[in-house]
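What follows is calculated from the coordinates using simple rules that are stated; it is not laboratory data. Treat the numbers as computed from the prediction; the structure is a model and nothing was measured. No Cβ is skipped: glycine too gets one built from the backbone with ideal geometry, and neighbour counts run over all protein chains shown.
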Amino acid sequence: MTGLIERLRALCGQPHVLTRDDPATDLSAWEQDWRKRSRGRALAVVRPGSTAEVAAVVQACAASGTAIVPQGGNTGLVVGSVPDNSGTQVVLSLTRLNAVRAIDPDNLTMTVEAGCVLQNLQAVAEQAGFLFPLSLAAEGSCTIGGNLGTNAGGTQVLRYGNARDLCLGLEVVNAQGQVWHGLSGLRKDNTGYDLRHLMIGSEGTLGIITAATMKLFPLPAAQLTAWAAVPSMAAAVQLLGLAHARLGPGLTGFEVMGQFALSLVDRHYPQQRVPLFQQSPYCVLLENSDSENEAHARSQFEALLEAAMESGCVHDAVVAENIAQARALWHIRESIPLAQAEEGLNIKHDISIPVSRIPAFVADTDALLAREIPGVRLVNFGHLGDGNLHYNVQAPEGADGQAFLREQEERVNTLVFDQVARFAGSISAEHGVGALKAHKLPNYKDPAALAMMRAIKQALDPQNLLNPGKVLA
Ligand SMILES: Cc1cc2nc3c(=O)[nH]c(=O)nc-3n(C[C@H](O)[C@H](O)[C@H](O)COP(=O)(O)OP(=O)(O)OC[C@H]3O[C@@H](n4cnc5c(N)ncnc54)[C@H](O)[C@@H]3O)c2cc1C
């Protein structure tokens, strides 16, 4: 393997190929996943600086039969972006490919390199007078290449769609090291198979995204946030229907948060002052983006909440008076995963169910878990507008989190995933499969779909060099 390392250094430059030969080099930032569930061992970390260098690296790895793990911000939650512990895989970090290549205001697009950090792209778009609506709590670290690799969702999917829906073209290095120049800004192109959609969400197993053309949108004239206490999950779904009807395309966010999830924020971050959660089993965070002005947005919101209170699906509500209050409400929602981590280790789920069936799913599954594992605590929150719940399972109060995970994780996953299947849902709504769920996928994916996925992988990557062991075990 010395020959390969030398070759990679010749291609990318000595400082951009890191190995543990140098005792001063710490590879943990690339080898350890964000949740600290898995620490791999890389042969090397390679950081090419251009598409041509990515292609050359892939060719060199393919010639020596070396597996490649593409990596962006390494914020993925399913152990997809880190190597296994064989010490034979090369981590290919895209973070040096971070240029904004072009903004086309008339076509409403921007063409950007894969390593651009999401938050920077939002800022670049705003400076140009546009909205780039992809938004998630990891946006300060995750990259657009990783967002496309995982088909990321986030908080504005119900209005603007997933990363997939925001992408018009891709530049990709395939498993043979060839560059596919697919950076089209076209909204219509029916010339055969859509390779873009094949690559998006493939978690680095079919190709390495080096650049993308993404959609831009007009900036809203006003954005208002409201917080509503609702008497049940069914009431939250009823409120969603009302909000769709009253706000139309202005409804850009609809998040549900269970009482226990909010109590963890209250316990671990008391300075955040969580509103209205003590009296209600669920609270909802709504966002209204208006193309007219703030007064219009506010009157729409007030009319919606009045109607919701009359119909009984909302007990009480507040509308943020200013941007600082709106940010504080969103901050509470975004603090739930962190508060949960403070509380101890937990079993995370990222599931989707048809919105209409969520109340029955939650009632049934809450009861099932309470029966099977007495004292278990459910941290239920998520993007209800998209039918996506983070239905997380926390050890009983005072229990040893490590032991809980060791003894119960497999069983809890099976209980929850079987319920998801019963309610016609998906075991991964946005985080993906990675290595964490690869062994579970065959139990829940349609066998014909799985066979086609395997055939595609075999056709595009016959040596199984791109992120082996991820998605397809
Ligand atoms: C606090 C927090 C909140 C989060 N919230 C959300 C959320 O609301 N919605 C959501 O969808 N996700 C969420 N995530 C998960 C994560 O942020 C997303 O999956 C994100 O899209 C990953 O981007 P990344 O650059 O960090 O990718 P990485 O973690 O580096 O990689 C993720 C996967 O994509 C592949 N990949 C990376 N770059 C490329 C590339 N250029 N070409 C091909 N494949 C590539 C990797 O091999 C890996 O399989 C959250 C994570 C955290 C830590």
Practice prompt. With r as the distance between the Cβ atoms of Ala449 and Tyr193 and R0 = 25 Å, compute the FRET efficiency 1/(1 + (r/R0)^6) and round to 0.05.
Written response: 0.95
Item to complete: State, in angstrom, two size descriptors of region 309-439 derived from its alpha carbons: Rg to one decimal place and Dmax to the nearest whole number.
Response: 16.3, 48
Item to complete: Considering the options Leu18, Ala328, Ser291, tell which one lies farthest towards the positive end of the dipole of the chain, charges being +1 on Lys and Arg and -1 on Asp and Glu at the Cβ, about the Cα centre.
Response: Leu18
Fill in: Kirkwood-based shape ratio for region 276-322, expressed as Rg/Rh from alpha carbons
0.99
Item to complete: Have a look at Leu251, Ala339, Thr414 and report the one farthest towards the positive end of the charge dipole of the chain, computed about the Cα centre with Cβ charges (Lys/Arg +1, Asp/Glu -1).
Response: Thr414
Worksheet item: If you find the alpha carbon centre of region 215-235 and of region 18-58, how far apart are they in angstrom?
Response: 40 Å
Worksheet item: What are the trypsin sites (Lys or Arg not before Pro) within region 358-450 that DSSP puts in a loop, where the Cβ has at most 16 other Cβ atoms within 10 Å?
Response: Lys445
Discussion item. Placing unit charges on C-beta atoms (Lys and Arg positive, Asp and Glu negative, everything else neutral), compute the dipole magnitude of region 86-232 about its Cα centre in debye, rounded to 20.
Written reply: 100 debye
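Considering only region 1-109, what is the antiparallel percent among its DSSP beta bridges, to the nearest 5?
35 percent
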Worksheet entry | Label-reachable residues, region 142-163, where backbone N falls under 20 Å from a point 7 Å from His244's Cα toward its Cβ | 153-163
Worksheet item: How large is the dipole of the chain about the Cα centre if only Lys and Arg carry +1 and Asp and Glu carry -1, each at its Cβ, rounded to the nearest 20 debye?
Response: 1060 debye
Item to complete: Report the FRET efficiency, 1/(1 + (r/R0)^6), for Arg357 and Gln279, where r is their Cβ-Cβ distance and R0 is 30 Å, rounded to 0.05.
Response: 0.70
Worksheet entry | P(r) weight above 15 Å for region 388-473, C-alpha pairs, percent | 67 percent
Worksheet, complete the sentence: When all Cα-Cα pair distances of region 212-350 are considered, the percent exceeding 25 Å is 30 percent
Practice prompt. Using the charge dipole of the chain (Lys, Arg: +1 at Cβ; Asp, Glu: -1 at Cβ; taken about the Cα centre), state which of Ala67, Thr205, Leu97 has its Cα farthest towards the positive end.
Written response: Ala67
Worksheet entry | Extension gain, Ala459 back to His315 (0.36 nm per residue minus Cα-Cα distance, nm) | 46.3 nm
Item to complete: Report the calculated FRET efficiency for Asn107 and Glu306 (r = Cβ-Cβ distance, R0 = 45 Å), to the nearest 0.05.
Response: 0.65
Worksheet item: Plugging the Kirkwood radius over Cα pairs into Stokes-Einstein for the chain, at a temperature of 25 °C and a viscosity of 0.890 mPa s, what D comes out in µm²/s?
Response: 105 µm²/s
Worksheet entry | Pairwise label distance in nanometres, Gln119 with Glu407, each label 7 Å out on the Cα-Cβ vector | 4.0 nm
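Please work out how much length the chain gains when fully extended from Ala128 to Glu372, using 0.36 nm per residue of separation minus the C-alpha to C-alpha distance, in nm with one decimal. The partial results should precede the final answer.
Working: separation 244, 0.36 × 244 = 87.84 nm, distance 5.42 nm.
Gain in length upon complete extension: 82.4 nm.
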Fill in: Chain lengthening between Gln14 and Ala295 when straightened (0.36 nm per residue, less Cα-Cα)
95.4 nm
Worksheet item: How large is the charge dipole for region 248-373, taken about the Cα centre, if only the Cβ atoms of Lys, Arg (+1) and Asp, Glu (-1) carry charge, to the nearest 20 debye?
Response: 340 debye
